[in-house]
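To keep things clear, I will list the structure first and then write my remarks on it.
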Amino acid sequence: MTTAQRDAIATACSCTPATGLIIYNTDCQAINYFNGAAWITLGNTGSVATPGAITGSTTPCQNATGVPYSITAVTGATGYNWTVPSGATIATGQGTNSITVNFDATNGSVCVTAYNACGSSNASCSAIVLTTTPAQPSVITGTTPVCQGNNGVAYSVTNVGGVTYTWAYSGTGYTQASGGTTNAITANFSAAATSGTLTVTPSNACGNGTARTYAIVVSATPTTATAGSDINPACGVTTATLAGNNPGVGTGAWSVVSGTATITNSTLYNSGVTALAVPGTATLRWTISNAPCAASTDDVVITTTSCCGGTIAINHTIGVVAPETKSVNYGTVSSTLGGTGAKCWLTQNLGSSQQASSATDATDASAGWYWQFNRKKGYKVGPTPAWTITSISEASDWVAAQDPCTIELGAGWRIPTYNEWANADGEGWVNYTNTYNSVLKLHAAGYLDDSNGSLYNRGNDGYYWSSTQGGSANGSSLYFDSSNCFIDNSNDKAYGFSLRCLRD
């Protein structure tokens, strides 16, 4: 019989079919039996097939609504029964091959069976693992404080797959230079950038997670340091007052770069300075700092001089100028012998231990050292160091950087010029008696020969270089002996002559 005829049994007798009643259902091509409550199909060959794979997201977001799922229609099916995870609801489509689902936060499976009058198919299921918004990122790593004008400063959080990161900064003057929406970026801070909070917000298909923040302190560039003009105290003065600029941004500090000096208050822009060596040169540095920004520095040079007429204490150290180490108290005198205006002259030769005792004093102690023209290397009798230059040809006066008077005695001291020796000679000098009887106490210290550095004519002749050349191969010098005194322009520059220093 057909399904309709089977169901009519109960209608015809107004009764429940007998338990165990068996019929053959021609619609379903199967044996049905009544179990006392319902008809059960045995060996059904007319029921529908199991639905195919369910199409739809297996990782929808928690609390997502209207998420679609569907299957291809099953042949012979007259309807479909869908089930969803606990807490989820079928919003639309129950009974059809396509539904929409509203989820809560519970995982599970979406399943569907197809059915017709002959029965239901086996279920086709799709496991559902609900996705959440990203967790809060790890602590931001990076640099703080930073300096205005810093570029390429790195910041990052630990990367999590499937998450994008949006970076933002609350201060001004900030630009994200690289990294886009990744977990690691670099940032540029302009010269006017301000402090602020760096924020990174994680996101995925489900939305934004909790942001992470990082406070960044932006330090201003320190005020440009100005140490003030170089200082030249009056002769004999061992103190000075500094004139640095008062920082608008940052803190200042004085330090001694070279020379001898004691700073009264190193953090005071106009601090005093004491214990300056006389004569001497001290270089002090004014540094304005505002970490982590690069500090600004400027130097001031303090040059002290002894008062003329006394002695100046000089410590010579063997090296590129002095041929030996020794300490000398040089006598000085103020004189107009050199021409216009009084100048301070040494009363003994450079490198000597004492003033000459007579015009013909032939001692090493009074003679001092000897120099070739426009060379800073000094020689003592021996010669020491070894004599290596036997000829000099160059179109040059004695340049300041090579002047042994400046190097050994300090700023302001120098070799006399041709005119200064000529003016002194013009005072009526005609022999070494006149030169020695002058306030300069010039004596016959001899010379070192240009060929090998051997000493000649000590006690008989005096040769004193000027800083002026006579020609490319000759230097101008003051010459005197027992019966002569004149300016000589013919001596080879390779001779070793004495030096007598002066200061304006």
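The values are calculated or read from the model by the stated rules, or taken from the named source; none is laboratory data. Source: prediction; values computed, not measured. Heads up, the Cβs are rebuilt from the backbone with ideal geometry, glycines too, and the neighbour counts pull from every protein chain shown.
Does residue 375 satisfy the condition of being surrounded by fewer than 19 Cβ atoms within 10 Å (Cβ to Cβ), in a loop (DSSP other than H, G, I, E, B) and at negative phi?
When the stated conditions are applied, residue 375 passes them.
Restricting to region 1-20, what's the tally of residues that are among the hydroxyl-bearing types (Ser, Thr, Tyr) and not in a helix (DSSP H, G or I)?
4
Within region 484-501, does at least one residue satisfy the condition of being surrounded by fewer than 17 Cβ atoms within 10 Å (Cβ to Cβ), at pLDDT 95 or above and under 30 Å from residue 311 (Cβ atoms)?
No, region 484-501 contains no residue that is surrounded by fewer than 17 Cβ atoms within 10 Å (Cβ to Cβ), at pLDDT 95 or above and under 30 Å from residue 311 (Cβ atoms).
Among strands (runs of 3 or more DSSP E) lying entirely in region 232-311, which contain 2 or more residues that are under 30 Å from residue 218 (Cα atoms)?
Correct list: 251-258, 280-289, 296-304.
Quick test for you: out of 227, 168, pick the one residue that is in a loop (DSSP other than H, G, I, E, B) and at pLDDT 95 or above.
Exactly one residue qualifies, and that residue is 227.
Would you mention how many residues in region 488-498 are touching a strand residue (DSSP E or B) at 6+ places or on another chain (Cβ under 6 Å) and either assigned to a loop (DSSP other than H, G, I, E, B) or not assigned by the TED database to the domain that holds residue 350 (or both)?
So the answer is 2.
Return only the number of the condition from (1) closer than 19 Å to residue 115 by Cα; (2) among the β-branched types (Val, Ile, Thr); (3) loosely packed, with under 15 Cβ neighbours inside 10 Å that residue 59 does not satisfy.
All conditions are met except number (1).
Among the residues of region 312-343, count how many are at pLDDT 95 or above, more than 41 Å from the chain's Cα centre (by Cα), assigned to a loop (DSSP other than H, G, I, E, B) and not polar (S, T, N, Q).
Of the residues in region 312-343, 2 are at pLDDT 95 or above, more than 41 Å from the chain's Cα centre (by Cα), assigned to a loop (DSSP other than H, G, I, E, B) and not polar (S, T, N, Q).
A quick yes/no check of all residues on (1) touching a helix residue (DSSP H, G or I) at 6+ places or on another chain (Cβ under 6 Å); (2) in the same structural domain as residue 281 (by the TED database); (3) part of a loop (DSSP other than H, G, I, E, B):
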position	(1), (2), (3)
345	no, no, no
359	yes, no, yes
379	no, no, no
388	no, no, yes
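Among the listed residues 115, 165, which satisfies the condition of being surrounded by 14 or more Cβ atoms within 10 Å (Cβ to Cβ), assigned by the TED database to the domain that holds residue 212 and of a type in the set (Phe, Trp, Tyr)?
165
Sort out which residues of region 151-172 are more than 18 Å from residue 203 (Cβ to Cβ), without any contact (Cβ under 8 Å) to a residue 40 or more places away in the chain and of a type outside the set (A, V, I, L, M), and write them in order of number.
151, 152, 170, 172
Checking residue 24 against (1) under 30 Å from residue 126 (Cβ atoms); (2) at pLDDT below 95, which single condition isn't satisfied?
Single failed check for residue 24: (1).
Answer with yes or no whether residue 139 is touching a residue at least 24 places away in the same chain (Cβ under 8 Å), in a strand (DSSP E or B) and hydrophobic (A, V, I, L, M, F, W, C).
Judged against the criteria, residue 139 is not a match.
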